[in-house]
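Values in this text are rule-based calculations from the coordinates and carry no lab data. All of these numbers come straight from a predicted model, not from anything done at the bench. Note that we place each Cβ from the backbone using ideal geometry, even for glycine, and neighbour counts take in every protein chain shown.
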Amino acid sequence: MLHFEDTLERELAGIEAQGLRRKLRQVDSPQAARIIWDGRELVNFASNDYLGLANHPSVKQAATEAVEKFGAGSGASRLICGSLAPHHQLEEALAAFKGTEAALSFASGYAAALGTISALLGRGDVLLVDRLVHACVIDAARLSGATLRVFRHNDLEDLDRALRSAAARRGVARGHRSTPRILVVTESVFSMDGDLAPLKGIVELKERYGAWLMLDEAHATGLFGERRSGLASESGVDGRIEIQMGTLGKALGASGGFICGSRRLIDLLINRARSFIFSTAPVPAASAAALAALALVQSDKGAERCRALWERVAQFAKLARREWPECLTAPRSAIIPVPVGDEREAVALADRLREHGLGIPAVRYPAVPRGKARLRMTLTAGHSAEDIARATALLEELGACRKS
Ligand SMILES: *Cc1c(COP(=O)(O)O)cnc(C)c1O
């Protein structure tokens, strides 16, 4: 018989030996460009709170008012008696924001992906995903029982090949049960690399083969497009995407995930998405906060914050071009990976940076492939020009991103 504690201890030792062991560190301040982390102040280059809305007065006020009016908890799942007014208001606003017929919110982006993909696909269907999609999509594929096929990152030729092969299978299966479904899933801004998907090309390809597209805009919502609704809108393809996904916990400063699309899609998810059906509704404060953030993002104030963020990105790009032309590609988003490679080295660098008051996390397997550890910097509207200058100078001094 395996001894429980000994077994776990051996497994943890294995994780440690690969330089992959994590531990939690306590933050004693609100989410902001500066945080108190394990008791000391750090300039925070780790947060996805791109526009500084998590701690914005009007977002906090909306959350507080929702607590006063609707209480702290939601009492049940949405389908039982937990479908509170703030959920409905948020979903109307999300649909208007994305220009779709309807929207559905989930307790998290992870739950949104899991519930949606497994509601739409089953055994015999095909899920085609970019090699770098978020773990929630891979987990959803497993749960759904669909065949998972991976295409090379942002590679339209490889997607074409994968679609052709999936469509050929469909030809064979026709006449058996229903025609197999083909769903392409990608992100608009990739969470660990910060680069952008070639959305126009992807949309054209999925249309050519009669496949569907699910686009995860977790890191683009609030930052791209005229009303900052995402990269699909900026690329002019938002009306051609069947399933638009986003999160409420990044630029929107609250918590949760959402799907936007046709009324039928949302009705089907309400009936079939198990992570929606069998889970207590999000707390009213989270939905109300997201609703307030959504209004802010689309306002002049939102535009101003977004502009401030892009100024910081441009500043970093200029410095990076000068200091590390071979190492860093020009940033296309607020996510800037500084490649390191070795897991332990990345962690050691992050430790050194922290000693100097900068919080730039090392990301390692399984968030990124083995041997591709990196420092992942996220810039936010709350950073100052001095913060960026200090970070680039220190990265240079510590020899991060060595020219090879
Ligand atoms: C953060 C993230 C998710 C998950 O969203 P949560 O609300 O944090 O569960 C999904 N996809 C991508 C690309 C993400 O970055």
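DSSP beta bridges fully contained in the chain are about 55 percent antiparallel.
Candidates Ala220, Gly194, Ala232 compared by Cα position along the dipole of the range 166-264: farthest toward the positive end lies Ala232, with charges placed on Cβ.
Give, rounded to the nearest 20 debye, the magnitude of the charge dipole that the range 343-404 has about its Cα centre when Lys and Arg contribute +1 at Cβ and Asp and Glu contribute -1 at Cβ.
In debye, rounded to 20, the range 343-404 gives about 400.
Run a plain Debye calculation on the range 155-251 (Cα atoms as equal point scatterers, no solvent) and give log10 I(q)/I(0) at q = 0.10, 0.16, 0.19, 0.22 Å⁻¹, rounded to two decimals, same order as the q list. Debye output, listed in q order: -0.30, -0.68, -0.87, -1.07. Note on Lys301: aspartates and glutamates with a C-alpha under 15 Å away, same-chain residues under 8 apart excluded, are Glu226. Among the listed pairs Lys60/Lys98; Lys98/Lys250; Lys200/Lys250, a Cα-Cα separation exceeding 18 Å is found for Lys60/Lys98; Lys200/Lys250.
Please give the FRET efficiency for Asp28 paired with Thr280, using the beta carbon to beta carbon distance and R0 = 22 Å, rounded to the nearest 0.05.
Numbers: r = 28 Å, r/R0 = 1.28.
With R0 = 22 Å, the Cβ-Cβ based efficiency is 0.20.
Residues Asp130, Asp267, ranked from the fewest to the most other C-beta atoms within 10 Å, line up as Asp267, Asp130. Here each label is just a point 7 Å from Cα along the line to Cβ, and for Ile36 and Glu396 those points are 3.4 nm apart.
Say a paramagnetic label sat at a point 7 Å from the Cα of Gln89, along Cα to Cβ; which residues of the range 273-293 have their backbone N under 13 Å from it? Residues 284-293 qualify, since their backbone N sits under 13 Å from the label point. Taking a Cβ cut-off of under 14 Å around Asn48, the surrounding Lys, Arg, Asp and Glu residues balance to a net charge of -2, with basic ones at +1 and acidic ones at -1. For a straight C-alpha distance cut-off of 21 angstrom, the lysines reachable from Lys23 (same-chain residues fewer than eight places away being disregarded) are Lys372. Using alpha carbon coordinates only, what is the Rg to Rh ratio of the chain, with Rh defined as the Kirkwood radius? Reported Rg/Rh, Kirkwood definition of Rh: 0.97. Give me the net charge for the shell around Gln244: Cβ to Cβ below 10 angstrom, other residues only, Lys and Arg +1, Asp and Glu -1. Neighbour charge sum, excluding Gln244 itself: -3. Mean-square fluctuations from a GNM of the chain, with a 10 angstrom spring cutoff on Cα atoms, peak among Tyr209, Tyr50, Tyr110 at Tyr209. Treating r as the C-beta distance of Glu204 and Arg123 and R0 as 30 Å, the FRET efficiency rounds to 0.55.
Does anything in the range 191-216 have its amide N under 13 Å from the 7 Å Cα→Cβ label point of Asp160, and if so which residues? Label zone hits: 201-202, 204-206, 208-209. Paramagnetic label reach from Arg307 (point 7 Å along Cα→Cβ; backbone nitrogen cut-off under 19 Å): within the range 221-245, residues 222-230. Take every Cα pair under 8 Å whose residues are at least 6 apart in sequence, average their separation, divide by the length of the chain, and the relative contact order is 22 percent.
With 0.36 nm allotted per residue and the present C-alpha distance subtracted, the Arg264-Leu12 stretch has 86.1 nm of extension available.
From the square roots a ≥ b ≥ c of the eigenvalues of the alpha-carbon gyration tensor of the range 254-404, which class results: rounded (a/c under 1.5), prolate (a/b over b/c), or oblate? It comes out prolate by the Cα gyration axes.
How much net charge surrounds Ser262 when only the other residues with a Cβ under 11 Å from the Cβ of Ser262 are counted, with Lys and Arg +1 and Asp and Glu -1?
That sum, taken over residues with Cβ under 11 Å, equals -1.
Using 7 Å Cα-to-Cβ label points, what is the Ala295/Arg272 separation (nm, one decimal)? The modelled label-to-label distance comes out at 3.6 nm. Under 5 Å from the amide H of Gly257 lie the amide H atoms of Phe106, Ala107, Ser108, Gly109, Leu248, each residue being 5 or more positions distant or on a separate chain, with H modelled from the backbone and absent for Pro and chain starts. Residue order for Phe190, Phe151, fewest other beta carbons within 10 angstrom first, comes to Phe151, Phe190. Modelled spin-label separation between Glu345 and Ala135, with each label point placed 7 Å from Cα along the Cα-to-Cβ direction: 2.5 nm.
Phi angles of the range 358-363 translate, via the Karplus equation with coefficients 6.51, -1.76, 1.60 and θ = phi - 60°, into HN-Hα couplings of 10, x, 10, x, 7, 10 Hz per residue; Gly and Pro are given as x.
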